[in-house]
Amino acid sequence: MRVVVEEVTKIFDGGVRALDGLSLDIADGEFFALLGPSGCGKTTLLRTIAGLETATGGRIRIGDRDVTELEPGRRDVAMVFQDYALFPHMTVVDNIAYPLRIKKVGRARRRAGAADTATELSLAGLLERRPAQLSGGQQQRVALARAMVAEPAVFLLDEPLSNLDARLRLEARTFLKKLQHDLGVTTIFVTHDQAEALALADRIAVMADGTIKQIGTPREVFQRPANVFVAGFIGSTPMNLLAGRCDGDGIDLGGVRLPVPAAAAGLVAAGDELIAGIRPEYFVEDGGGDRAGIEGRVSIVENLGTSSLVTLATAGPTVQVTMPEGREPVPGATLRVAPRPDRMLIYRAGDGELVDGDPGGGKPVGGKPVGGKPARGDHTGGGLSPL
């Protein structure tokens, strides 16, 4: 079911503006993530879509219905909360069947429906247990089963993986993606964990301070962040954001000079204050060829498993570079690297927005998504390797 959020504002008592005119258009069957730091408004937006919070302004449509003024029970949505919110005195089967009980479905039918849903989520042997007798992963699946049993038009997931340990979270992430793919139900997923968003979502809205900073596929927000905020927020190793000044066809970074990339050529002029954005993964080792490079002394080497994060002290800014396994330099060594020209981004220092002359680059910024729903599987997988 399609979900449309039109200029929604939420102001709490005391004048706190949690949402500031947000607009979204979420396609039928899409797995859509709301990503951002704590306090950015993502959970408030989810609760407003659910009807648990009342919008101060704007409209919300689910399918062809305006649900802005409807109570939660009439919106045909199901929500899974961060703490799962299971009834501790009820068995698993009764917890799952509870939405059907609210709908006045007969006891035999609702228990049968709960048992069928439990079987889909590998809970068949746990139906008579109570939540305290379950592991965190089992409780999560019970919460999902309770959401599924009523066959809602939209799933709303509020950080459902945050209470799991690291290994179980990875397993649950794979399980959740497969479940949503199999069901084909429109899903809105709130998380502060960018790895989860990159791995799970068809599209992501990156939020900050009650606004949307960028909307795009995981590939778009990783490869071409639309502004400095998204550039600094997305990525397991932070993007290098190097402040400098345009001196014509290059950028003087205070002891280091790099050429203006082709996508920004003609859009910046001498004297412009700029920020060069280069992910550590998008540097290549340079033996001193004719490419513009950066040379520095290796100050720190951090082992990441299959690669290492190397910190270079240069004549200008400090730069971080990812080196492949087995190619790690030793601290104190001299290393020369060069950014991949097609992966170097330029931002204006004043507003932090991407300078982009590439019409195919994709800058889905603000509340309006660019294009429709991407094809299934158009995402980064783990989201932590260069794309």
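The values are calculated or read from the model by the stated rules, or taken from the named source; none is laboratory data. None of these values were measured; they are calculated from a predicted model. All Cβ positions, glycine included, derive from the backbone under ideal geometry; neighbour counts span all protein chains shown. Heads up: the accessible areas ignore ligands, DNA and RNA and are worked out on the full protein's heavy atoms, side chains in. Shrake-Rupley method; radii C 1.70, N 1.55, O 1.52, S 1.80 Å.
In table form, for the structure just shown:
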{"quantity": "Computed [θ] at 222 nm, deg cm²/dmol, the chain (DSSP H ≥ 4; -39,500 (n - 2.57); rounded to nearest 500)", "calculated": "-6500 deg cm²/dmol"}
{"quantity": "Farthest positive-ward along the range 1-71 dipole, Cα basis, beta-carbon charges - from 33, 23, 3", "calculated": "33"}
{"quantity": "The range 1-116 - percent relative contact order, Cα under 8 Å, separation 6 or more", "calculated": "22 percent"}
{"quantity": "Largest-first ellipsoid semi-axes for the range 78-208, taking √(5λ) over the Cα gyration tensor eigenvalues, angstrom", "calculated": "25, 16, 12"}
{"quantity": "Karplus-derived HN-Hα couplings along the range 112-124 (A = 6.51, B = -1.76, C = 1.60, θ = phi - 60°), whole Hz, x at Gly and Pro", "calculated": "5, x, 5, 5, 5, 5, 4, 4, 4, 9, 6, 10, 4"}
{"quantity": "Estimated D of the range 1-56 in µm² per second, where Rh is the Kirkwood radius over Cα pairs and Stokes-Einstein applies at 4 °C, 1.567 mPa s", "calculated": "109 µm²/s"}
{"quantity": "Residue 98 accessible area, 1.4 Å probe, all protein chains in place, Å² to nearest 10", "calculated": "70 Å²"}
{"quantity": "Residue-normalised accessible area of the range 28-158, given per residue in Å² at a 1.4 Å probe", "calculated": "45 Å²"}
{"quantity": "Potential lengthening between residue 297 and residue 181 on full extension [0.36 nm per residue; Cα-Cα distance subtracted]", "calculated": "37.0 nm"}
{"quantity": "Table column - 3J(HN,Hα) (Hz), the range 337-354, Karplus curve with 6.51, -1.76, 1.60, x for Gly and Pro", "calculated": "10, 9, x, 5, x, 7, 10, 8, 10, 10, 10, 7, 5, x, 9, x, 8, 5"}
{"quantity": "Cα gyration tensor shape for the range 109-185, rounded if a/c is under 1.5, else prolate or oblate", "calculated": "oblate"}
{"quantity": "Largest-first ordering by accessible area, 1.4 Å probe, given options 94, 165", "calculated": "165, 94"}
{"quantity": "Highest-MSF residue in the chain out of 133, 82, 320 [GNM, Cα springs under 10 Å]", "calculated": "133"}
{"quantity": "Of 248, 299, 221, farthest towards positive along the dipole that unit charges on Lys, Arg, Asp, Glu beta carbons give the chain", "calculated": "221"}
{"quantity": "Simple Cβ-charge dipole of the range 143-243, Lys/Arg +1 and Asp/Glu -1, about Cα centre, in debye nearest 20", "calculated": "240 debye"}
{"quantity": "Rounded accessible area of residue 267 (nearest 10 Å², 1.4 Å probe)", "calculated": "80 Å²"}
{"quantity": "Simple spin-label estimate for residue 269 and residue 120 in nanometres, 7 Å along Cα-Cβ", "calculated": "6.0 nm"}
{"quantity": "Tensor-based shape of the range 195-303 (alpha-carbon gyration tensor, a/c under 1.5 rounded, otherwise prolate or oblate)", "calculated": "oblate"}
{"quantity": "Intensity falloff of the range 248-347 expressed as log10 I(q)/I(0), Debye formula with alpha-carbon point scatterers, at q = 0.14, 0.20, 0.24 Å⁻¹", "calculated": "-0.53, -0.99, -1.32"}
{"quantity": "Inter-site label distance for residue 101 and residue 306 at 7 Å from Cα along Cβ, in nm", "calculated": "4.7 nm"}
{"quantity": "Net +/- balance of residues flanking residue 323 in space, Cβ distance below 11 Å, scoring K and R +1, D and E -1", "calculated": "-4"}
{"quantity": "Read-out percent of Cα pairs over 38 Å apart, derived from the coordinates shown; its label in [x] 29; [y] 18; [z] 23", "calculated": "[x]"}
{"quantity": "Separation of the residue 135 and residue 167 label points, Cα + 7 Å toward Cβ, nm", "calculated": "0.9 nm"}
{"quantity": "Residue 181 accessible area, assembled protein chains, probe 1.4 Å, Å²", "calculated": "100 Å²"}
{"quantity": "Bridge type composition, the chain - antiparallel percent by DSSP, nearest 5", "calculated": "75 percent"}
